[in-house]
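Data first, discussion second: the structure below is written as structure tokens.
The values are calculated or read from the model by the stated rules, or taken from the named source; none is laboratory data. These figures come from a predicted structure and were not determined experimentally. Reconstructed Cβ throughout: ideal geometry from the backbone, glycine too, with neighbour counts over all protein chains shown.
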Amino acid sequence: MIEKLLQKHLMAKYGDFIPVRLAGGYTNETFLLDGIQPPVVAKVINAVNDEIENEINCLKLTQEIGITPKIYDVMKIEDIQIIIMEYRKGINGQTIMDSEDLNIKKELYKSLGQTLAKSIHSKKFQYVSSGIKECNFNELNYNLDFVPDVLINNSKTLLNNIQDRQEEWVLTHGDYGVHNILYTDTHTLTVLDWEWSEWANPLTDIGWVCWFTKLHYPQYAEPLNQLFINEYNKYSSVAVTPELLKVYCVYKVWNVLHRVKNGSHEIQEEWVRRLKWTLEEDIFDFNIKTVGKN
């Protein structure tokens, strides 16, 4: 068991603790090391996972922003990798979305927009990757045999009309949204799980929030996505249009399709369905107001 492995290898350094598995925003095998002060968590991952190296580099780059947990230690033991991080309190955003309180949902989406614009996207690409992946928008590989030709061709038609430019790139989370944040009653966010982070156009994150909301919470999508976009635009001069958001959502779905190419047939079919939905659905069925940067 992972719990016993953690105790075996970490007690000599950290003292006695009881590993408590965390949920509610924490993914993979993440444990609170109960008994250690100040509280820390251990995130356990397959050591050959390239995406976790990407996350570590991103967390190191964002330590001073204040929205990510501090990294205390990274170690490889046997066939796993362990990241020891600061423990952050808060309510997972999806728990809020499953509640009945619409007002707190609205406050959450305002915080999502403000945090994304002011904290994450404020880091501009300086043509140095710092160990973080770079967007492959202009070199996207469409060679997946489980994706129907009609969806491949429709995707190419849409994406080939856009020239993605490095000078517009910023640090992007890659899977930003209510499912990867902890929210406090002071309206502050902790942003978790940066495995998919990359230097990319900010519209990839903006579009993905709207996409996720429309897919999973369609009854709230129009007002909440409107609030999110309007709040983002208060702190950013990025040109946000429904057409461009759709383009970058299609790009994001193709990246996920490549991640599931060795997965089960059921998972592949589900993401093919989502690609079709993204191409056909009017996801951004609200008015996007350009407020302008403060």
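For residues in the stretch 184-201 being among the hydroxyl-bearing types (Ser, Thr, Tyr) and either assigned to a helix (DSSP H, G or I) or modelled with pLDDT of 95 or more (or both), which is surrounded by the most Cβ atoms within 10 Å (Cβ to Cβ)?
Ser197
Would you mind telling me which numbered condition in (1) more than 30 Å from Tyr14 (Cβ to Cβ); (2) over 18 Å from the mean Cα position of the chain (by Cα) Ser122 fails?
Status for Ser122: all satisfied but (2).
Which of (1) on the phi > 0 side of the Ramachandran plot; (2) surrounded by 13 or more Cβ atoms within 10 Å (Cβ to Cβ) does Gly66 not meet, given it meets every other one?
(2)
Residues being closer than 12 Å to Asp205 by Cα and aromatic (Phe, Trp, Tyr): count how many of those fall in the stretch 231-250.
The qualifying residues number 2.
Determine whether Asn154 is over 15 Å from Thr204 (Cα atoms) and not assigned by TED's automatic domain parsing to the domain that holds Asn57.
In short, yes.
Please go through the stretch 167-180 and give me each residue that is part of a helix (DSSP H, G or I) and surrounded by 14 or more Cβ atoms within 10 Å (Cβ to Cβ), ordered by number.
In the first step, residues of the stretch 167-180 are kept if they are part of a helix (DSSP H, G or I); the result is 167-168, 178-180.
Residues satisfying the conditions are Glu168, Val178, His179, Asn180.
Identify the single condition in (1) surrounded by 18 or more Cβ atoms within 10 Å (Cβ to Cβ); (2) small (Gly, Ala, Ser); (3) closer than 30 Å to Tyr248 by Cα that Ser122 does not satisfy, given that it satisfies every other one.
(1)
Take Thr157 and decide whether it is touching a Gly at 6+ places or on another chain (Cβ under 6 Å) and surrounded by fewer than 21 Cβ atoms within 10 Å (Cβ to Cβ).
Judged against the criteria, Thr157 is not a match.
Need pairs with beta-carbon distance below 6 Å; first residue touching a residue at least 24 places away in the same chain (Cβ under 8 Å) and within the stretch 186-199, second assigned to a strand (DSSP E or B) and among the aliphatic types (A, V, I, L, M); sequence gap 6+ or separate chains.
Final answer for the pair search is Leu189/Ile181; Thr190/Leu182; Val191/Ile181.
Could you tell me which of the residues Ser197, Ser155 is closer than 30 Å to Gly90 by Cα and of a type in the set (Ser, Thr, Tyr)?
Just a single option satisfies the conditions, and that option is Ser197.
Does Tyr217 fit the bill of being at pLDDT 95 or above, assigned by TED's automatic domain parsing to the domain that holds Ile152 and within 27 Å of Leu61 (Cα to Cα)? Working first, answer last.
Values: at pLDDT 95 or above: yes; assigned by TED's automatic domain parsing to the domain that holds Ile152: yes; within 27 Å of Leu61 (Cα to Cα): no.
Against the criterion (at pLDDT 95 or above, assigned by TED's automatic domain parsing to the domain that holds Ile152 and within 27 Å of Leu61 (Cα to Cα)), Tyr217 does not qualify.
Within the stretch 145-158, can one find any residue that is outside any loop (DSSP other than H, G, I, E, B), among the hydrophobic types (A, V, I, L, M, F, W, C) and either within 17 Å of the chain's Cα centre (by Cα) or more than 25 Å from Glu269 (Cα to Cα) (or both)?
No, there is no match, as no residue in the stretch 145-158 is outside any loop (DSSP other than H, G, I, E, B), among the hydrophobic types (A, V, I, L, M, F, W, C) and either within 17 Å of the chain's Cα centre (by Cα) or more than 25 Å from Glu269 (Cα to Cα) (or both).
Just to confirm my filter: which helices (runs of 4 or more DSSP H) fall fully inside the stretch 202-294 and include at least 3 residues that are under 16 Å from the mean Cα position of the chain (by Cα)? Even if it seems obvious, please write down each step before you answer.
Working: elements: 203-216, 221-233, 242-259, 265-280.
Result: 203-216, 242-259.
Can you name the number of the only condition in (1) among the hydroxyl-bearing types (Ser, Thr, Tyr); (2) over 20 Å from the mean Cα position of the chain (by Cα); (3) within 27 Å of Val260 (Cβ to Cβ) that Thr68 fails?
(2)
Kindly indicate whether any position in the stretch 70-90 is closer than 30 Å to Lys234 by Cβ and in a helix (DSSP H, G or I). Don't jump to the end; show me each part of the working.
So the first thing to find is which residues in the stretch 70-90 are closer than 30 Å to Lys234 by Cβ, and the list is 70, 86, 88-90.
Going one step further and asking which of them are in a helix (DSSP H, G or I), we end up with none.
No, the stretch 70-90 contains no residue that is closer than 30 Å to Lys234 by Cβ and in a helix (DSSP H, G or I).
Just to verify a result, which residue in the stretch 105-119, among those that are hydrophobic (A, V, I, L, M, F, W, C) and more than 19 Å from Tyr220 (Cα to Cα), is surrounded by the most Cβ atoms within 10 Å (Cβ to Cβ)?
So in the stretch 105-119, the residues hydrophobic (A, V, I, L, M, F, W, C) come out as 108, 112, 116-117.
Checking the rest, the ones that are also more than 19 Å from Tyr220 (Cα to Cα) come to 116-117.
On the way: Leu116: 28, Ala117: 24.
It comes out as Leu116.
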